[in-house]
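See below for the structure under consideration.
Read-outs throughout are calculated quantities, based only on the coordinates presented, and are distinct from any laboratory measurement. Since the structure is predicted, the reported quantities are computational estimates derived from the model, not experimental observations. Glycine gets a Cβ as well: all are built from the backbone with ideal geometry, and neighbour counts include every protein chain shown.
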């Protein structure tokens, strides 16, 4: 399970310089997690400077926001 999250993090960070809309990035990450049969998770979009214990799995809007992954 952890390797899937790390893989998603690497993919999410690869496009972080682009000003991609958060809904689009979040949808792509969710599709990848679903394809790997990952269940019981949430993806939330938060400001980039917000502290969280959750794993950052992507960024969007030119790095202004981040997408965090947490287990339910």
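Looking only at residues in region 36-51 that are closer than 22 Å to residue 20 by Cα and over 13 Å from the mean Cα position of the chain (by Cα), which one is surrounded by the most Cβ atoms within 10 Å (Cβ to Cβ)?
So, considering only residues that are closer than 22 Å to residue 20 by Cα and over 13 Å from the mean Cα position of the chain (by Cα), the one surrounded by the most Cβ atoms within 10 Å (Cβ to Cβ) is 50.
How many residues are surrounded by 14 or more Cβ atoms within 10 Å (Cβ to Cβ) and more than 11 Å from the chain's Cα centre (by Cα) if we restrict to region 52-61?
Of the residues in that region, 1 qualify.
Within region 36-45, how many residues turn out to be farther than 13 Å from residue 25 by Cα and touching a strand residue (DSSP E or B) at 6+ places or on another chain (Cβ under 8 Å)?
3
How many residues, within region 52-72, are within 21 Å of residue 19 (Cβ to Cβ) and without any contact (Cβ under 8 Å) to a residue 24 or more places away in the chain?
Counting residues in region 52-72 that are within 21 Å of residue 19 (Cβ to Cβ) and without any contact (Cβ under 8 Å) to a residue 24 or more places away in the chain gives 2.
Could you list, in sequence order, the residues of region 53-69 that are touching a strand residue (DSSP E or B) at 6+ places or on another chain (Cβ under 7 Å) and closer than 16 Å to residue 28 by Cα?
56, 57, 58, 59, 60, 65, 66, 67, 68, 69 - these are the residues of region 53-69 that are touching a strand residue (DSSP E or B) at 6+ places or on another chain (Cβ under 7 Å) and closer than 16 Å to residue 28 by Cα.
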